[in-house]
Structure formats: structure tokens, C-alpha cells
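To start, the structure under review is shown below, and the notes come after it.
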Amino acid sequence: MPLGHTIVEGSSLRVLHTSDLHLSAGNPRTLEALEHILDVARQENADIVTIAGDMFDSARDANELRPQLRDLLSENGFEILVLPGNHDATAFTQNTFYGNDVFPLIDKPVTVREYEDLLIAGVPFRERLDDDVALRIREVSDFTGTKILLLHCTLDIGLGSGGFGEEEAIRYMPVSSAKLAGLGFDYILAGHFHSSLHEQKLASGGLFVYPGSPVSLTRKERGRRSAYLIDTESKKTQAIELSTFYCDELEVTISPGTEKAWVEQIEQWAKHHKGKNCDVRVIAKGFTEMPEAELKQQIEAAAGGIHVDFRVRGIENILRYPIYQRFKQRLLNDDGIDDKERVDMMMLTVVSRLAEEGELDL
């Protein structure tokens, strides 16, 4: 078994998982997020906090912040297991000290910490999960208690672009669900995916979790941020909603006759975010039969001070489309249609959507 394992008494342990804080001296919101994570760990009586990579935005940030973090990361009453990621792969050595609670998982190819009825293994950052490393990981999984594996990886590429912050073109340590299922772990707690919380049941019965970054680092990380809690005795898991800074946006596509409904939806959405630690905006697109200025005023009032990007255009453009003019003429001449106003509105909606998607030209 690799070096770096410790025996800690206690059969029931609570693990709070996070990743991708990207602590930076130039972004105080990341430091606030770390403090909040520690507060949540205390509130939830966590025994262990796991950080699955990119705790720091760079090794330079880690070096600059290390002195001021030592008190914060000491005497918390729980361990903090930190896995190096691609951003901070060189930030942790045997000689660096981040605080009494911090245990960097830096022994290669796998670092193991063993508790009475829990084993946590971490694979320090590498670009690929080679077969020989996978074999070493499977050897570790012979442990009879609860087994947790920490990875900084890209799962099943198909999770989609945009979820990996500014790194969406680079897929570090690509792994498949099938390969992870064969490793024999109860939980695979991962990092690198910045977007929202993602849980995925593996064929083996194990659970794969991306917690998402605990603070919005760009506008791509949308919605309230989360951490993930595991109770090893009850096997209960829970997403913990955080009070950290986040970004969000509501994009609406208005069509003639739907203006009132969209204004009401914008108002309800805005109320949910009011007073929160966030940067949110409304993007309104489409076409309207109302005067543009009047609709803009209504949407801004409904948004209650939230920034509105108003891109809606008047319906006059739609009325000039040949496809609509031909339909309108046939509608007027067809005596077999009773509710011509409703049918006309349906056609206006279809044409306006096509125009918004760029499928029609004037």
C-alpha cells in the first residue's frame, strides 16, 4: 500500500466534499468561499473535508497565500485532505505547510489515508489514468470498509463544453464511467468540473460526484453553489447549498401574446435572487406586439434592479416576412376556420421563433 496512511478511531465519519476553489490573492471571493466551506463543515459536524484539486489558481497563488492561511487551516476539529489539480500540481511538497489540519495527497501514484472503517485514496494530478495506475487503485480497494477515491478528472467527455471553466478545450485525465465502475470504490469524489453539482450512479453501484466550484469564477458557473456531504455509517448523502458568490441569468424568448406571462416569470425569478451574494441578469429576446419601450419598462420593473439585456424587437418586422404574409392571406380567405385570431397568433409565434433563431431573412 502506498505511503501516507493514518489510523483515526471512529466508525461513523462525515465527509464534506468540495473542489476547484481556485484561491487567488486577486480574487477575495475565493477566500470568502474557503471560509464559508470551513463554517459549513463545522455546522455539519464534518470529520473530514476533501478538496479534489485546484484548491489554488496557481502555484504562485499558493505560495503567496500560504502564510495567511495557516491559522485558518488549523485547529478546526477536522482534517482537510487536499488533492493537487492541474492548476496547483506543484504547490504541495513534503516541505510546504498550510496548517495543522491540511494533509496534501501527494504520494504517487496513489496516496491513502485509512480510518477505522473508512479508506480515502487520492490520485495526485496526472494527465491520464494509465492501466498500471488503475491496477494500483484496484489493489487499494480491497479494504473492507467504506472506500472513497479522489480524482481531478474529466468524466465521459459528453458532459458537455462550458462546464470546465476556462479549460473546456483541455480534458485532463479523461475517464469513463465504465472504467471507474471497475475500480471498486463506493464513492468517487471528483474535481475539475466547475459548473453545477453532478451526481452519477455507476454500474458497480458506486456514486460519482462533481460538486462544482463553490464560488462562481466566471459567468459560466451559474446558479447557487453546493458542497457534498456523506455520512459513512448511514450512507446518506446530501447536497449542501452554499451562501457563496454566484452568477446566474434568465434568458427568455418572447413571442407576440406571451409578454404578460414572461414579465410575471421574470418577476418571480428576480425575487428568488434578491438580496443574495450574486451577479445575475435577465436576457430578453424575441418579438412583441407591444411598443418596445413599454415592454422594456415592464421587464425592468419586474427585474427589480437586476440588469436587463433587452434585445426584443417589434412585430413589424415579422409582419413583413413573405411566409407570414402568404399565410395571413390564406387565413383571411378560409371561411372554415372559426377562431382566426388564435390561429394567427400561433403563426406569429412560430415565425417569430424562426426569425429569432436566424432561420428566416427579411
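Every number here is computed from the coordinates shown, using simple stated rules; none is lab data. In this text, all values refer to a predicted model and were calculated from it rather than measured experimentally. Please note: Cβ atoms are built from the backbone with ideal geometry, for glycine as well, and neighbour counts cover all protein chains shown.
Tabulated results
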{"quantity": "Leu149 long-range amide H proximity, modeled H, under 5 Å", "calculated": "Ala121, Tyr187, Ile188, Leu189"}
{"quantity": "Where labels lie 7 Å past Cα in the beta-carbon direction, separation of Asp309 and Gln268 in nm", "calculated": "2.4 nm"}
{"quantity": "DSSP-loop chymotrypsin sites (Phe, Trp or Tyr not before Pro) across segment 21-110, with at most 15 other Cβ within 10 angstrom", "calculated": "Phe97"}
{"quantity": "Cut-off under 5 Å, modelled amide H: who pairs with Leu202 long-range", "calculated": "Leu207, Phe208"}
{"quantity": "Computed magnitude of the charge dipole of segment 247-356 (debye, nearest 20; Cβ of K, R +1, Cβ of D, E -1)", "calculated": "220 debye"}
{"quantity": "Sites matching trypsin sites (Lys or Arg not before Pro) across segment 204-303 that sit in DSSP coil, with at most 14 neighbouring C-beta atoms within 10 Å", "calculated": "Arg219, Lys235, Lys236, Lys274, Lys276"}
{"quantity": "Overall form of segment 247-356 per C-alpha gyration tensor (a/c, 1.5; a/b vs b/c)", "calculated": "prolate"}
{"quantity": "FRET efficiency, Glu357 to Ala59 (Cβ-Cβ, R0 41 Å, nearest 0.05)", "calculated": "0.35"}
{"quantity": "Identified option (computed Cα extents along the principal axes in Å; candidates (i) 79, 39, 33; (ii) 62, 43, 40; (iii) 84, 41, 37)", "calculated": "(iii)"}
{"quantity": "Whole-number percent relative contact order across segment 247-356, with pairs defined as alpha carbons under 8 Å at least 6 apart", "calculated": "31 percent"}
{"quantity": "In Hz, Karplus ³J(HN,Hα) per residue of segment 321-333 (6.51, -1.76, 1.60; θ = phi - 60°; x = Gly, Pro)", "calculated": "5, x, 4, 6, 4, 5, 4, 4, 5, 5, 4, 5, 8"}
{"quantity": "Cα centre as origin, Lys/Arg/Asp/Glu Cβ charges: segment 5-122 dipole, Debye", "calculated": "280 debye"}
{"quantity": "Difference of contour (0.36 nm per residue) and Cα-Cα distance, Glu127 to Met345", "calculated": "73.0 nm"}
{"quantity": "Distant-in-sequence amide H partners of Thr154 (H built 1.01 Å from N, under 5 Å)", "calculated": "Val175"}
{"quantity": "Given 10 as the ceiling on other Cβ atoms within 10 Å, longest exposed-site-free region of the chain for GluC sites (Glu not before Pro) in DSSP loops", "calculated": "76-356"}
{"quantity": "In sequence order, calculated HN-Hα J values of segment 106-117 (Karplus, 6.51, -1.76, 1.60; Hz; x Gly/Pro)", "calculated": "10, 6, 9, x, 9, 9, 10, 10, 10, 10, 4, 10"}
{"quantity": "The chain - percent relative contact order, Cα under 8 Å, separation 6 or more", "calculated": "13 percent"}
{"quantity": "Estimated 222 nm signal from helices in the chain, with DSSP H stretches of n ≥ 4 weighted -39500 (n - 2.57), rounded to 500", "calculated": "-8500 deg cm²/dmol"}
{"quantity": "With Cα atoms, 0 to 90° folded angle of helix 28-43 axis to the chain main axis", "calculated": "70 degrees"}
{"quantity": "Rounded to 5, percent antiparallel among DSSP beta bridges of the chain", "calculated": "30 percent"}
